């Protein structure tokens, strides 16, 4: 009998990946790593849910940025102004990732492009963690 059910583990992974991408502190990489060590058969569902949760969390920071007053610039603004939506490939990075998401919202970048670049960057990071785990 497993210590935790697959559904509970995947649900916890989704929640932790969502929260880790918001302005709240936290990390989901360790949860993904542990889940895949316990059950390597969950590779693809775990990658999908971690990426989805982390991208949705990042998009919530993007949305917060849209509500900032226009005269208040955020950290990461110059980077996002210079590179546009592709800068969100680094939305996974510690410390600067949240600022990039907020800056993208503040600059009113196209939400679809932001979400796509953000998801690609986050998936690449989770693939590296999964590769180390299995």
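The values are calculated or read from the model by the stated rules, or taken from the named source; none is laboratory data. All of these numbers come straight from a predicted model, not from anything done at the bench. Here Cβ is always computed from backbone atoms with ideal geometry, including for glycine, and neighbour counts include all displayed protein chains.
Kindly establish whether residue 68 is more than 18 Å from the chain's Cα centre (by Cα) and either crowded, with 17+ Cβ neighbours inside 10 Å or part of a helix (DSSP H, G or I) (or both). No: the conditions fail for residue 68.
In this structure, residue 96 qualifies as buried (at least 16 other Cβ atoms within 10 Å of the Cβ) and at pLDDT below 95. Of the residues that sit in the stretch 80-93 and are assigned to a helix (DSSP H, G or I) and surrounded by fewer than 16 Cβ atoms within 10 Å (Cβ to Cβ), which one is nearest to the chain's Cα centre (by Cα)? Taking the candidates together, the pick is 86.
Scanning the stretch 22-68 for residues being under 22 Å from residue 87 (Cβ atoms) and either in contact with a strand residue (DSSP E or B) (Cβ under 7 Å, 6 or more places away or on another chain) or at pLDDT 90 or above (or both) gives a total of 20.
Do we find that residue 103 is farther than 30 Å from residue 7 by Cα, buried (at least 16 other Cβ atoms within 10 Å of the Cβ) and under 16 Å from the mean Cα position of the chain (by Cα) in this structure?
Values: farther than 30 Å from residue 7 by Cα: yes; buried (at least 16 other Cβ atoms within 10 Å of the Cβ): yes; under 16 Å from the mean Cα position of the chain (by Cα): yes.
It is true that residue 103 is farther than 30 Å from residue 7 by Cα, buried (at least 16 other Cβ atoms within 10 Å of the Cβ) and under 16 Å from the mean Cα position of the chain (by Cα).
Among residues belonging to the stretch 106-116 that are surrounded by fewer than 21 Cβ atoms within 10 Å (Cβ to Cβ) and part of a helix (DSSP H, G or I), point out the one that is nearest to the chain's Cα centre (by Cα). Applying the filter and picking the extreme gives 115.
Among the residues that make up the stretch 16-31, is at least one of them in a helix (DSSP H, G or I), more than 12 Å from the chain's Cα centre (by Cα) and buried (at least 23 other Cβ atoms within 10 Å of the Cβ)?
Just the residues of the stretch 16-31 that are in a helix (DSSP H, G or I), to begin with: 16-20, 29-31.
Of the ones still in play, those that are also more than 12 Å from the chain's Cα centre (by Cα) are 30-31.
Adding the requirement that they be buried (at least 23 other Cβ atoms within 10 Å of the Cβ) leaves none.
No, because not a single residue in the stretch 16-31 is in a helix (DSSP H, G or I), more than 12 Å from the chain's Cα centre (by Cα) and buried (at least 23 other Cβ atoms within 10 Å of the Cβ).
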